1. Taking a probe of 1.4 angstrom, what is the accessible area of Thr220 in Å², to the nearest 10?
2. Once each part is reduced to its C-alpha centroid, what is the distance from the stretch 249-269 to the stretch 103-120 in angstrom?
3. How large, in percent, is the carbon and sulfur part of the accessible surface of the stretch 211-266 at a probe radius of 1.4 Å?
4. Give the lysines whose C-alpha is closer than 20 Å to that of Lys28, dropping any in the same chain fewer than 8 places away, or say none.
5. With an 8 Å cut-off on Cα pairs and a minimum separation of 6 or more residues, tell me the relative contact order of the stretch 150-217 in percent.
6. Given a 1.4 Å probe, how much area per residue of the stretch 90-132 is accessible, in Å²?
7. Sort the stretch 196-241 into rounded, prolate or oblate with this rule: let a ≥ b ≥ c be the square roots of the eigenvalues of the Cα gyration tensor; rounded if a/c is under 1.5, and if a/c is not under 1.5, prolate when a/b is larger than b/c, oblate otherwise.
8. Can you give the extra length, in nm with one decimal, that the chain gains between Glu199 and His237 once fully stretched, where that is 0.36 nm per residue apart less the Cα-Cα distance?
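The values are calculated or read from the model by the stated rules, or taken from the named source; none is laboratory data. Just so it is clear, the structure is predicted and the values come from calculations on it, not from any experiment. When we count neighbours, we look across all protein chains shown, and the Cβ atoms used for this are built from the backbone with ideal geometry, even at glycine. Just the protein is used for accessible areas: all its heavy atoms, side chains included, with ligands, DNA and RNA removed. Shrake-Rupley method; radii C 1.70, N 1.55, O 1.52, S 1.80 Å.
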Amino acid sequence: MILLLSVTIGLSAIVVFPSFTDAESELKTFITHSGKVIRTTGEVIDPLYTVSTVEFDPMEYLREFNYGEVSKLPDGTTVREYTIIAEDDKVMEISPGVFYNVWTYNGTVPGPTIRATEGDLLKINFINNGSKEHTIHFHGIHPAGMDGVFEVVGPGGGKFVYEFEAGPVGVHPYHCHVMPLEEHIVHGLYGVFIVDPKEGREPADEMVMVLNGFDTDFDTENNFYAANTIPFYYQHHPIQINTNELIRVYVVNMVEFDPINNFHLHGNLYNYYPTGTDLVPSFYTDMVTLSQTERGIMEFEYTYPGKYLFHAHKVEFSEKGWVGIFLVNDKSESDTSEKEYGS
Ligand SMILES: [Cu+2]
């Protein structure tokens, strides 16, 4: 399988490079967010200066939670240890034929979803294998020296250990906080940090959606939008869920440049917990608006099976990729014991 992927990547590179050569006369000069001058054909970022290709599976990312390596202190406190490695030299085919230089935590955009329980002691071993300075700035409560702003971590293997107590309860972003911030974030150095309440939440089919976008021609406007990086992915690969089963979506808006984003669900309404900090929902709605790093938890159940869209109700965003489908399977068809439930 790995061999097959390598062959595929090799072939796609062969396809891309001749077209790049053919289009050489159309090369344009772009100024990147940090003022770097590059020559490219524009809409498609040519893989000029990068060394490897990122493989990312949005379906795997959706329900993957990293609880760290767990140990206990003598006083009973749970310790969770994670390792996060930053890199900035990879290329990702974010849409067919569209290659973009992504900056990654643990090789993907978004980085891993870090999950812990309120009061756990977190140790995040951060290694910067990039060519620029990077950090991890967690949203949440922690000492000043653990804020990922002033303790800049140098390139080429620089290290720093972030250590703090998990809190408050909710869903939070983490991201690089090195200047120019816009450049470090839009290239992909961000991820999700979930803090569960000690008493837990009701069992549910849980998933994470990071709303993101890519400015592939450096004009400070996004060319593509998505839930979890790949435009239109969940439209072509619907997310399978069941009727009468609680669904919990941790949603984080990381779209830069556009002041707002939003989340509309079809054929249903959801209970909405802004930032997830309160255990009682604030709204029952089918639409929330989110500014940069605004986030929350959505909970809903579908009564009727079938296909339901979810998307940005900012139509420009949904037409440029931020759209997906929930495929609701009739649980009663496969599980007769559940059929009596509620009858
Ligand atoms: Cu950075």
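1. Here the residue's solvent-accessible area equals roughly 70 Å².
2. 20 Å
3. On the way: 750 of 1590 Å².
Carbon and sulfur atoms account for 47 percent of the accessible area of the stretch 211-266.
4. By straight Cα distance, Lys28 reaches Lys36.
5. Relative contact order comes out at 29 percent.
6. Numbers: 1080 Å² over 43 residues.
Ligands and nucleic acids excluded, the figure is 25 Å² per residue.
7. oblate
8. Full-extension gain reported as 10.3 nm.
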